[in-house]
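Take a look at the structure below.
The values are calculated or read from the model by the stated rules, or taken from the named source; none is laboratory data. Values in this document were obtained by computation on a predicted structure and should not be read as measured data. Ideal geometry is used to build each Cβ from the backbone, glycine not excepted, and the neighbour counts take in all protein chains shown. Heavy atoms of the whole protein, side chains included, go into the accessibility calculation; ligands, DNA and RNA do not. Shrake-Rupley method; radii C 1.70, N 1.55, O 1.52, S 1.80 Å.
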Amino acid sequence: MFETLSDRLTSVFSSLRSKGRLSEADIDATCREIRIALLEADVALPVVKTFVAQVKERARGAEVSQALNPAQQVVKIVNDELIEVLGGETRRLRYAKNPPTVIMLAGLQGAGKTTLAGKLARWLRDQNHVPLLVAADLQRPNAVQQLAVMAERAGVAVYAPEPGNGVGDPIAVARQSIDHARRQQHDIVIIDTAGRLGIDQELMKQAADIRDAVSPDEVLFVVDAMIGQDAVSTAQAFMEGVGFDGVVLTKLDGDARGGAALSVRHITGKPIMFASTGEKLEDFDAFHPDRMASRILD
Ligand code: GDP
């Protein structure tokens with residue numbers, strides 16, 4: 001994860017190690033290197049600019065310190081900025097006052113939504129919740145079946161359309177699932193919606209209609225981290241078409257660069273809430289900006 005960026009930043013810092021104090025020229029050179037490292041990591045340009053400007057300002061203002069040498073000071077500044085750009089604090093799920101809490105997943109096909117639905121359900125089950133997975137992706141052949149398999153692996157119940165009961169109508173399925181959850185004492189409903197390979201109006205409208213039908217407590221935008229800063233344009237389209245409260249990054253295990261992770265929060269203003277790091281159910285956790293920053297700088 002983020003190996004390319006880690007390696008680059010490590011070499012920037014090691015070139016500072018021999019310095020007793022940093023001159024203006026050292027700071028400029030370091031910031032240029034950091035800029036290149038971020039651009040190579042496919043971080044969106046506005047994010048790179050803000051990041052580098054912040055580092056420069058803080059490096060110039062850094063006091064001569066007994067505790068930290070100049071290289072360590074720069075590492076600390078970059079670490080703080082990474083935490084900031086990744087969102088600062090971990091944003092936790094908001095639970096509804098009157099259960100069930102409704103969580104809706106939106107994103108492109110192949111982003112990892114269905115897998116994520118299973119992971120999130122299992123994660124919540126481990127915290128003594130009783131989630132219900134809802135198959136409102138009626139577009140993709142096998143999506144309902146795939147979600148049922150996920151539910152079984154996660155040890156949670158699934159709600160899927162039955163013949164004659166809203167078949168083909170994801171909005172009806174989503175709506176009915178809330179009543180079903182109440183009757184069956186599920187305190188959380190996770191709705192898996194259809195994705196397509198690209199952004200299209202029909203997809204957005206369907207997701208917006210489901211959102212209007214069930215008034216979710218959280219709409220989570222699920223995005224494949226491996227697409228780099230393309231995640232930003234996809235996120236912007238979903239922001240306009242559906243709106244969302246938080247981001248889930250998937251396939252971080254295959255992302256050597258980190259462009260999506262470092263761009264999406266700054267550009268959308270929405271927090272990264274969860275991260276998916278593999279195909280197994282347990283490869284999943286809440287997203288912690290500070291831990292991610294330390295991993296990058298490790
Ligand atoms: P959906 O179309 O958005 O529902 O996507 P799926 O859940 O079907 O996932 C698409 C593919 O990505 C599947 O082969 C998953 O096994 C894989 N996948 C999902 N999440 C991850 C992840 O975090 N890491 C890796 N390596 N693969 C993942």
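Side notes on the structure shown:
- Residues of segment 115-126 that turn out to be in contact (Cβ under 8 Å) with a residue 12 or more places away in the chain and open to solvent by 40 Å² or more (accessible area, probe 1.4 Å), as a count: 3
- Filter result for residue 199 (crowded, with 22+ Cβ neighbours inside 10 Å and within 16 Å of the ligand (Cβ to nearest atom)): no
- Members of segment 90-104 found to be part of a loop (DSSP other than H, G, I, E, B) and touching a residue at least 60 places away in the same chain (Cβ under 8 Å), listed by number: 90, 91, 92, 93, 94, 95, 96, 99, 100
- Candidate set from segment 137-149 (those that are near the ligand (Cβ under 10 Å from one of its atoms) and closer than 10 Å to residue 192 by Cα); member that is surrounded by the most Cβ atoms within 10 Å (Cβ to Cβ): 147
- A single entry from 173, 134, 189, 130 fulfils the requirement of being touching a Leu at 6+ places or on another chain (Cβ under 9 Å) and open to solvent by 30 Å² or more (accessible area, probe 1.4 Å): 130.
- Unique match (being touching a helix residue (DSSP H, G or I) at 6+ places or on another chain (Cβ under 6 Å), within 16 Å of the ligand (Cβ to nearest atom), open to solvent by less than 40 Å² (accessible area, probe 1.4 Å) and touching a residue at least 12 places away in the same chain (Cβ under 8 Å)) among 112, 87, 107: 107
- Test: residue in segment 157-164 that is within 16 Å of the ligand (Cβ to nearest atom), modelled with pLDDT under 95 and surrounded by 19 or more Cβ atoms within 10 Å (Cβ to Cβ): yes
- Pairs are defined by a Cβ separation below 6 Å, a sequence spacing of at least 6 or placement on different chains, a first member in segment 6-19 that is open to solvent by less than 70 Å² (accessible area, probe 1.4 Å), and a second member that is modelled with pLDDT of 90 or more and among the acidic types (Asp, Glu); the pairs so defined are 12/33.
- Flag for residue 130 being more than 16 Å from the ligand (Cβ to nearest atom) and in contact (Cβ under 8 Å) with a residue 60 or more places away in the chain: no
- Failed item in (1) part of a helix (DSSP H, G or I); (2) out of contact with any Asp or Glu (no Cβ under 9 Å at 6 or more places or on another chain); (3) surrounded by fewer than 21 Cβ atoms within 10 Å (Cβ to Cβ), with residue 60 passing the rest: (2)
- Which numbered condition residue 78 misses (of (1) surrounded by 23 or more Cβ atoms within 10 Å (Cβ to Cβ); (2) among the hydrophobic types (A, V, I, L, M, F, W, C); (3) away from the ligand (no atom under 16 Å from the Cβ); (4) over 30 Å from residue 22 (Cβ atoms)): (4)
- Filtered residues of segment 205-218 (kept if open to solvent by less than 10 Å² (accessible area, probe 1.4 Å) and either within 13 Å of the ligand (Cβ to nearest atom) or in contact with a helix residue (DSSP H, G or I) (Cβ under 8 Å, 6 or more places away or on another chain) (or both)): 207, 210
Residue-by-condition table, conditions (1) within 15 Å of the ligand (Cβ to nearest atom); (2) under 25 Å from residue 94 (Cβ atoms); (3) surrounded by 22 or more Cβ atoms within 10 Å (Cβ to Cβ):
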{"site": "227", "(1), (2), (3)": "yes, no, no"}
{"site": "238", "(1), (2), (3)": "yes, yes, yes"}
{"site": "248", "(1), (2), (3)": "yes, yes, yes"}
{"site": "272", "(1), (2), (3)": "yes, yes, yes"}
{"site": "278", "(1), (2), (3)": "yes, no, no"}
{"site": "295", "(1), (2), (3)": "no, no, no"}
{"site": "298", "(1), (2), (3)": "no, no, no"}
